[in-house]
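Below: one structure, written as structure tokens.
Values in this text are rule-based calculations from the coordinates and carry no lab data. Being a predicted model, the structure only gives us computed values, none of them experimental. With ideal geometry, Cβ positions are generated from the backbone for all residues, glycine too; neighbour counts draw on all protein chains shown.
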Amino acid sequence: MLEINVTVKAPELAEAVNSLAAALQGAKTEPINAATPAPAPVAASAPAPAPVPAVPVAPAPTYNHDQIMTAGAALIDAGKINELIGLLNTFGVQAVTQLKQEQFGAFATELRKLGAQI
């Protein structure tokens, strides 16, 4: 059980906090006179969190050299050869054939950002 204690030193705020706590507990509230000291802290308990159902996640798509080369060729045809060369450089290679299998997904994502259909 979660318990939260709040102490409010300003009487006008204490009334608001007590009203809120009472509303959360379904009780009726009584106004607090500003001249009276603030009441003892109010303990409020939060309901236990509901279990979150698992959401199925599709596996990440896989790519091969041919798909990546085809997408890269389309970018070259679109006049984006400099962007493609820059992308290859960021992956530390000079040609698509030098990419490692584990780099294909990230490289394909970057190709899409440049406008490739892959």
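General remarks:
- Of the peptides 53-63, 82-92, 101-111, the ranking by mean beta-carbon count within 10 Å, highest at the top, reads 101-111, 82-92, 53-63.
- Point-to-point label distance, residue 54-residue 85, nm (Cα→Cβ direction, 7 Å offset): 4.9
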